[in-house]
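First the structure, in the form of structure tokens, and then the observations on it.
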Amino acid sequence: MQLTISRADPDLGRVEEAVGGLLDRLPLAADAHHQVITAVLEAVSNAVRHGRREGGLGWVLLEAGVFDGSVTVTVTDDGPGFDPGACPDPRAPERLLLPGGRGVFLMRNLMDGVEFAFPPGGGTTVTLRKSLSAAPGGGASLQGEPRMDVSTRLSGDVTILDLKGEITIGVGDVQVRTAVREALDAGATKILVNMADVTAVDSSGIGELVGGYTTANNRGAKLALLAPPPKVRDILVITRLITVFDVYEDEAEALASL
């Protein structure tokens, strides 16, 4: 499979559908399916944002297939390159509340192998590998489903944001940011972000949750998370943000505690 991704309109939904369609045909466990999708979107997002030299190409190339028992995805750009070994650890206490800097870290933690190559003529190729599992049951693609829907309700003095869909770059991340700011501008002092129906999150989405938490704190308000699904909780654990947010599994408990 090969995709050419425009920098002007990267359409990550199309990327997700194409890669998800490939994964759906493979003997890949559901959690691994989600991990591959998340890592690929991180690689594409990084390439679109940072991997272009002045006067260079207007696109990023993605190739995916199965080789030697692993699903393998390469993402190639024509940018100046970077030193992956110099990427700081986003789990360091002084970096936990920074909105960005988690992309390469998540790729390395979600995939079985991540390699960076820098051809002499310039550019970067990221190769992502995930071993195929004997356990089938991929993660059915979300074709036709809304990318993100946010609804707001009040319970006493708590503003509850019910999220449904993906908190990902250019889609759900913007909507979450807007919903949190609108709630604060309306005078909310306690915000509960209900994540029970969140289907995916990437580093941009995590960055917006961190940004919302910081903005709320700066305004003297509280922001907590409710019922993050296992794949979202895994990312919170990997990034150590589980130690930053108040996370509740039960709405009644959250309302009583805020």
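Read-outs throughout are calculated quantities, based only on the coordinates presented, and are distinct from any laboratory measurement. Note that this is a predicted model, so its numbers are computed, not measured. Positions of Cβ are generated from backbone atoms using ideal geometry, with glycine treated the same way; all protein chains shown enter the neighbour counts.
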Candidates Glu115, Glu42, Glu208: whichever shows maximal mean-square fluctuation once the chain is modelled as a Gaussian network with Cα springs under 10 Å: Glu115
Two-site FRET efficiency, Glu17 against Asp149, from Cβ-Cβ distance with R₀ of 30 Å, rounded to 0.05: 0.95
Karplus (6.51, -1.76, 1.60) ³J(HN,Hα), θ = phi - 60°, over region 75-92, in Hz, Gly and Pro reported as x: 10, 10, 10, 10, x, x, x, 7, 9, x, x, 8, 5, x, 6, x, 7, 4
Translational diffusion of region 148-257, µm² s⁻¹ [Kirkwood Rh, Cα pairs; Stokes-Einstein; 20 °C; 1.002 mPa s]: 158 µm²/s
Gain on full stretching of the segment that runs from Val66 to Ser131 - 0.36 nm per residue minus C-alpha separation: 22.5 nm
Within-13-Å neighbourhood charge of Pro229 [Cβ basis; K, R +1; D, E -1]: -2
Computed P(r) (all Cα pairs; the chain; 5 Å bins; percent): 1, 6, 13, 17, 18, 16, 13, 9, 5, 3, 1, 0, 0
Distant-in-sequence amide H partners of Thr124 (H built 1.01 Å from N, under 5 Å): Asp77, Asp78, Gly79
Residues whose placed amide H lies under 5 Å from that of Tyr248, excluding near-sequence neighbours: Leu225, Leu226, Ala227
